[in-house]
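Peer 1: So that we are looking at the same thing, I have put the structure below in structure tokens.
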């Protein structure tokens, strides 16, 4: 990587063991795609309950040359559905597996190789607004794999971009843009 990786713990105690695991997984990602510019990993305890069974969330952002960043972020309930007793190790593994899959797909597309998701480009998927920035005319959707897809104000075909808020469900089409995968033909789910 051109710049050192940034690792942060928010609302969760820092751990040398967790940081070592994250650095080892970042090394594996760099082996998959050597042109990584930078990486940012945040371990965040977004929510808690009485029995402390809500797992932390691991958010990964990878900067790539001439492309939109690869971002993996999701809500804690994803891990609770996937694991019986999710913990930080599960969160790290799950997030890095998603990041590696997205990075391999990006690398294959960059090299012009067809992959299993190319035929899906014309199909509509259900996603969720993860982040919205009306002042910058764009936002991010959480895709079917738990990763983030960029979308522009002009991609919203029905409804009002300014009325969208975090958590809103939307239908979208995933396409390959000049800088990587993005969401197009975004329509709020009729509810």
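Peer 1: Can you tell me which residues in the stretch 75-88 are touching a helix residue (DSSP H, G or I) at 6+ places or on another chain (Cβ under 8 Å), surrounded by 15 or more Cβ atoms within 10 Å (Cβ to Cβ) and more than 17 Å from residue 8 (Cα to Cα)?
Peer 2: Matches in the stretch 75-88: 78, 79, 83, 86.
Peer 1: So which strands (runs of 3 or more DSSP E) are wholly in the stretch 101-184 and hold at least 2 residues that are modelled with pLDDT of 85 or more, outside the structural domain of residue 78 (by TED's automatic domain parsing) and surrounded by fewer than 21 Cβ atoms within 10 Å (Cβ to Cβ)?
Peer 2: Of the strands (runs of 3 or more DSSP E) lying wholly inside the stretch 101-184, those with at least 2 residues that are modelled with pLDDT of 85 or more, outside the structural domain of residue 78 (by TED's automatic domain parsing) and surrounded by fewer than 21 Cβ atoms within 10 Å (Cβ to Cβ) span 124-133, 148-152, 169-177.
Peer 1: Here's something else I'd like to know. Collect the residues in the stretch 58-69 that are out of contact with any helix residue (DSSP H, G or I) (no Cβ under 6 Å at 6 or more places or on another chain) and over 11 Å from residue 148 (Cβ atoms), keeping them in residue-number order.
Peer 2: Residues satisfying the conditions are 62, 63, 64, 65, 66, 67.
Peer 1: Here is a list: 18, 24, 39, 31. Which entry is in a helix (DSSP H, G or I), at pLDDT 90 or above and surrounded by 14 or more Cβ atoms within 10 Å (Cβ to Cβ)?
Peer 2: Unique residue meeting the criteria: 18.
Peer 1: Residues of the stretch 1-15 being surrounded by 13 or more Cβ atoms within 10 Å (Cβ to Cβ) and either on the phi > 0 side of the Ramachandran plot or assigned to a loop (DSSP other than H, G, I, E, B) (or both), which ones?
Peer 2: 1, 5, 12, 15
Peer 1: If you check residue 84 against the conditions, is it farther than 22 Å from residue 145 by Cβ and either over 18 Å from the mean Cα position of the chain (by Cα) or at pLDDT 90 or above (or both)?
Peer 2: So residue 84 fails the test.
Peer 1: Is it fair to say residue 76 is in the same structural domain as residue 13 (by TED's automatic domain parsing) and more than 19 Å from residue 128 (Cα to Cα)?
Peer 2: Considered against the rule, which asks whether it is in the same structural domain as residue 13 (by TED's automatic domain parsing) and more than 19 Å from residue 128 (Cα to Cα), residue 76 comes out as no.
Peer 1: Is it true that residue 91 is in the same structural domain as residue 39 (by TED's automatic domain parsing), touching a strand residue (DSSP E or B) at 6+ places or on another chain (Cβ under 6 Å) and under 26 Å from residue 12 (Cβ atoms)?
Peer 2: yes
Peer 1: Moving on. Which residue out of 72, 54 is at pLDDT 85 or above and either touching a helix residue (DSSP H, G or I) at 6+ places or on another chain (Cβ under 8 Å) or within 27 Å of residue 151 (Cα to Cα) (or both)?
Peer 2: That would be 72, the only listed residue that is at pLDDT 85 or above and either touching a helix residue (DSSP H, G or I) at 6+ places or on another chain (Cβ under 8 Å) or within 27 Å of residue 151 (Cα to Cα) (or both).
The values are calculated or read from the model by the stated rules, or taken from the named source; none is laboratory data. Every value quoted in this text rests on a predicted model; they were computed, and no experiment measured them. Glycine gets a Cβ as well: all are built from the backbone with ideal geometry, and neighbour counts include every protein chain shown.
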